[in-house]
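The values are calculated or read from the model by the stated rules, or taken from the named source; none is laboratory data. All values reported here derive from a predicted model rather than from experimental measurement. As a convention, Cβ positions derive from the backbone with ideal geometry for all residues, glycine included, and neighbour counts pool all protein chains shown. We work out accessible area using only protein heavy atoms, side chains counted, and drop any ligands, DNA or RNA first. Shrake-Rupley method; radii C 1.70, N 1.55, O 1.52, S 1.80 Å.
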Amino acid sequence: MTLTDAQELKIGLMAEGLTLGSEAAAWLDEVTGGKSLTSADYASTSGLILELDGVWVNAPIHAQNPNFVGVETEYHLERVDDELVVSGRGRSAIARYWPQPAYHGTANQYGPLNNFVFTHADRVRLSPIRGCAMTCDFCNIPFDDPLEVYTLKSIEGSVEAIRVALEDPEQPAHHVLISGGTPKPKDADFHRELYRRVLSAFPEVAVDIMMVPLPGVLDLPELVAHGVAELSINLEVYSRERAREVARHKFNQGLPFYLDFIEEAAGILGPGRVRSMLLVGLEPPEDTLAGVAAIAERGGVPVLSPFRPDPVTPLRATPPPSASVLREVFLAAREIAHAHGIPLGPSCPPCSHNTLNFAEDLEGCRGHAHGEPRMRG
Ligand code: SF4
């Protein structure tokens, strides 16, 4: 596979970050009305969401990631002849910018809406709990909110926040991801009730769930009966040695705990509906690729997420993988997944903004978005 300029730019941007030229920065300021440029609610969503010739990228910037993006990088966003252009290392592409929805930064009767939801590209992500019962050193959630502030959020507030995001007048979301932290075992019933309520409230909208497969939380027959679209059961790190260091709780659960559930879920939901994410850059490439094979062998869809050090985490000073490592892992992982008849996920192009893939099927055709995000350029 030969990568296009836009695909190479995505890889370079994820590794090194983006510098905003003065005219592009002024234009962005005008377009956003001075509001935030990013939907930064998670380590991998900290950057500007751009679309380059159909290739979606979340481009980290110095303002959000001073821990690894310099003030001056090799990649620049410029305003040229009334168009946005990203260029760097001898490549360039016309860019379109994804502006934030109107509801970001606002509140309703349940409090700030961003306590519940953030929209990224065409998908709104709901975080039903504050904090997490587990600790992974690459994830900001347990460090933004230590265990003592672990709290369940209002189910009514969660449903209403999703509704607001779907009906946003400026940037409506078109599908839903329920994600966020892992609940304590005593809160399994709360989670199942939340899933039921969200799935029932929006029967016309695709709702995905990303969760650790804790007993009592993910009831597969019940979720299927309520119309869940896809599941994401993330391994994160495949090497057992590395998992013990950076994802202790997940390490203690063991690989079979995840892989067996992926296989069972893929058997029930069917092809292409059970994803599993692996971070690229926290372990040797051969371990990540072994993880890709393990997921695909069980009928899961491997998703590669370039490690992006979050400033609040213990891994803040660990550099992200280089462009050459990202390219090498992408090409090898694609080959492994294809040998199992499975394309790398996700298949939704806007949702690939922070993943190492181009939302293409086995024939190289780009997948369909759930809706048309409103872009500016
Ligand atoms: S289990 Fe998920 S939400 Fe919790 S710390 Fe790990 S990656 Fe973050």
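Observations
- Solvent exposure of the stretch 231-345 as accessible area per residue, Å², 1.4 Å probe: 38 Å²
- Cysteines in the chain that lack a partner Cβ within the 4.7 Å cut-off: Cys132, Cys365.
- Highest-first arrangement of 286-296, 202-212, where packing means the average Cβ count within 10 Å: 286-296, 202-212
- Set of the stretch 116-136 residues, backbone N closer than 17 Å to the point 7 Å along the Cα-Cβ line of Phe257: 132-136
- Percentage relative contact order, the stretch 144-270, counting C-alpha pairs under 8 Å, at least six apart: 20 percent
- Unit charges at the beta carbon, dipole of the chain: most positive-side option, Ser324, Asn115, Ala206: Asn115
- Size of charge dipole - the stretch 290-376 - debye, nearest 20, with Cβ of Lys, Arg +1 and Asp, Glu -1, no other charges: 360 debye
- For the stretch 231-345, the pair-distance distribution built from all alpha carbon pairs, in bins 5 Å wide starting at 0, is 2, 13, 23, 24, 19, 13, 5, 1, 0 percent.
- Solvent-accessible area, 1.4 Å probe, carbon plus sulfur percent, for the chain: 50 percent
- Measure of compaction for the chain (Cα Rg per 2.2 N^0.38 Å): 0.93
- When all protein chains stay in place and ligands, DNA and RNA are ignored, the 1.4 Å accessible-area order of Thr151, Thr182, largest first, is Thr151, Thr182.
- Antiparallel %, DSSP beta bridges [both residues in the stretch 107-229], to 5: 55 percent
- Panel note: the C-alpha atoms of the stretch 5-97, placed on their principal axes, show extents of 29, 27, 24 Å (largest first).
- Relative contact order for the chain, counting Cα pairs under 8 Å that sit 6 or more residues apart, in percent: 17 percent
- Dipole size of the stretch 231-345 about its Cα centre, with +1 on Lys/Arg Cβ and -1 on Asp/Glu Cβ: approximately 300 debye, rounded to the nearest 20.
- Within the chain: Cβ-based charge dipole about Cα centre, in debye rounded to nearest 20 (Lys, Arg +1; Asp, Glu -1): 680 debye
- Seen from Gly12, the other residues with C-beta closer than 11 Å to its C-beta sum to a net charge of 0, counting Lys and Arg as +1 and Asp and Glu as -1.
- Using the Cβ of Val301 as centre and a radius below 14 Å, the other residues enclosed give a net charge of -2, where K and R count +1 and D and E count -1.
- Considering only the chain, percent of DSSP beta bridges that pair antiparallel, nearest 5: 55 percent
- Intensity falloff of the stretch 69-169 expressed as log10 I(q)/I(0), Debye formula with alpha-carbon point scatterers, at q = 0.12, 0.22 Å⁻¹: -0.62, -1.06
- Hydrodynamic radius by Kirkwood, which averages 1/r over all alpha carbon pairs of the stretch 107-229, in angstrom: 14.7 Å
- Shape summary: the stretch 295-377 maps onto an equivalent ellipsoid whose semi-axes, from the alpha-carbon gyration tensor, are 24, 20, 12 Å in decreasing order.
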